[in-house]
1. Taking the stretch 95-115 as the search range and keeping residues that are in contact (Cβ under 8 Å) with a residue 60 or more places away in the chain and part of a helix (DSSP H, G or I), which one is farthest from the ligand (Cβ to nearest atom)?
2. Can you list the strands (runs of 3 or more DSSP E) lying wholly within the stretch 132-247 that have 3 or more residues being modelled with pLDDT of 95 or more and away from the ligand (no atom under 12 Å from the Cβ)?
3. Sort through D46, D38 and tell me the only one that's among the charged types (D, E, K, R), within 30 Å of N336 (Cα to Cα) and surrounded by 20 or more Cβ atoms within 10 Å (Cβ to Cβ).
4. Filter the stretch 95-134 down to the residues that are surrounded by fewer than 19 Cβ atoms within 10 Å (Cβ to Cβ) and more than 24 Å from D146 (Cα to Cα) and list them by number.
5. Considering K30, K89, which residue is closer than 29 Å to E203 by Cβ and either outside any helix (DSSP H, G or I) or in contact with a Cys (Cβ under 8 Å, 6 or more places away or on another chain) (or both)?
6. Identify, please: which residue in the stretch 270-301 is of a type in the set (S, T, Y) and touching a residue at least 60 places away in the same chain (Cβ under 8 Å) and is, among those, farthest from the ligand (Cβ to nearest atom)?
7. Within the stretch 35-70, how many residues turn out to be over 23 Å from N110 (Cα atoms), in contact (Cβ under 8 Å) with a residue 40 or more places away in the chain and part of a loop (DSSP other than H, G, I, E, B)?
Amino acid sequence: MTDLIDRDKRYVWHPFSQHATDGIPLPIVKGKGTLLYDADGNSYIDANSSWWVNVHGHGHPEIQRALSEQFAELDHVIFANVTHPQAVKLAERLSNRLPADLSKVFFSDNGSTATEVALKMSIQYWHNKGVKRDRLMAIEGAYHGDTFGAMSVGERDLFNRPFEPYFFDATYLPFPLPENEELVLSIAQKHFETNEYAALIVEPIVQGAAGMRKYSSRFLDELVRLAKQHEALVIFDEVMTGFGRTGTFFAMDQCLEKPDIVTLSKGLTAGVLPMGLTITTEHIFQAFLSERTERAFLHGHSYTGNPLACAVANASLDLFEQEETTNSIAQLIKWNEEAIQLIANETNVYSPRVIGTILAFEVNTDEKVGYFSGIRNRAYQYALERGVLMRPLGNTIFINPPYCITRDEYTQVIDVIIGFLRSLQE
Ligand SMILES: *Cc1c(COP(=O)(O)O)cnc(C)c1O
């Protein structure tokens, strides 16, 4: 184990990590169900679904079968002017799950590229129509990925300060707290009335990286209505919320108004292979058809439409069609609702909340709050020593485990969280 860590230290640069101060990485060699194992055989409950992606647990036999069967047939092929059964099947199935209008599926590699594609599509849509609409609107605290376009419509903070001079300008609406929804809508209306907006991009119902911040679906409906009245396109970033995370299959299932473009990734491939999707309407697609090549959407990635990733995504959809998965999700929501009561009883907790399969709350602390709060490292370390892997966002502690988590595993996670909260008061 020390050999692996030594070699890691020598050769590997980890994401979102400050190597000068972060501890040694956890060396994981095996995953099964909700559990991850290190080389010494210690197990850890994967309470954040391996960065929010795993939905059916690790090493699922159905996923494994789909992957090896597909590998035997076709591993990868160029996707420009070439098609294959798994991509078509996936596109067909997802558009059947989405509102009827959302029927054109564009493949890419991850959540950030899905955002880039959505932004580029929106901008080029207006360009192709010969209409000058070049501004984008987002919500304060947003996270849409780490590429330049995605950063440009995300929260401007310490994370991306060095790059800020290179961002394009975007308009940020204040976060819609219950008490300022009307104000936010009136600000949005004033902006939309300029007719300068190409698109509005939002994480529907809950902002993930901002700290699992929930807002009302009724507000979102109003905002989408305003955008549509003023002809701005609406992008829902369902990279985090898709595939059952908020209790419904998509977060938009809780909304009356529907987007023109939706992005998917994370849970899409059950947390097994990287893939992103940007799904839009026939109407938007039509604006790219022309005798002229430059009207086309000239964007693509080497691994676009990778058959293995598509096969895994299809196998994951098969699992979602099983009653067992629906029951697991319903059960996890119920456990969350019970557990949040216990957690809310602790004196150093505020804003306890359940958003479907996500349980979240803030720790009241004298220390700095927000992402750079020291609570994050202490909670991470405390949980890890007790066999639970979670990754708090600053003083926001949350869990979003695979749906197959067992009652015993779930109870252990909650016991560890409560133990941590009490340890702070000693
Ligand atoms: C994680 C995330 C992204 C970025 O996805 P990556 O696959 O990490 O690039 C975009 N939007 C939301 C809402 C996310 O949670």
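1. If we take residues in the stretch 95-115 being in contact (Cβ under 8 Å) with a residue 60 or more places away in the chain and part of a helix (DSSP H, G or I), then S95 is farthest from the ligand (Cβ to nearest atom).
2. Working: elements: 135-139, 171-173, 197-202, 233-237.
Filter on the stretch 132-247 gives 135-139, 171-173, 197-202.
3. Exactly one of D46, D38 is among the charged types (D, E, K, R), within 30 Å of N336 (Cα to Cα) and surrounded by 20 or more Cβ atoms within 10 Å (Cβ to Cβ), namely D46.
4. Those that are surrounded by fewer than 19 Cβ atoms within 10 Å (Cβ to Cβ) and more than 24 Å from D146 (Cα to Cα): S95, N96, R97, P99, A100, D101, S103, H127, K129, G130, V131, K132.
5. On the way: K30 fails: closer than 29 Å to E203 by Cβ.
The unique qualifying residue is K89.
6. S290
7. Total satisfying the criteria: 1.
The values are calculated or read from the model by the stated rules, or taken from the named source; none is laboratory data. Note that the coordinates shown come from a computational prediction; the quantities given were computed from them, not determined experimentally. Ideal geometry is used to build each Cβ from the backbone, glycine not excepted, and the neighbour counts take in all protein chains shown.
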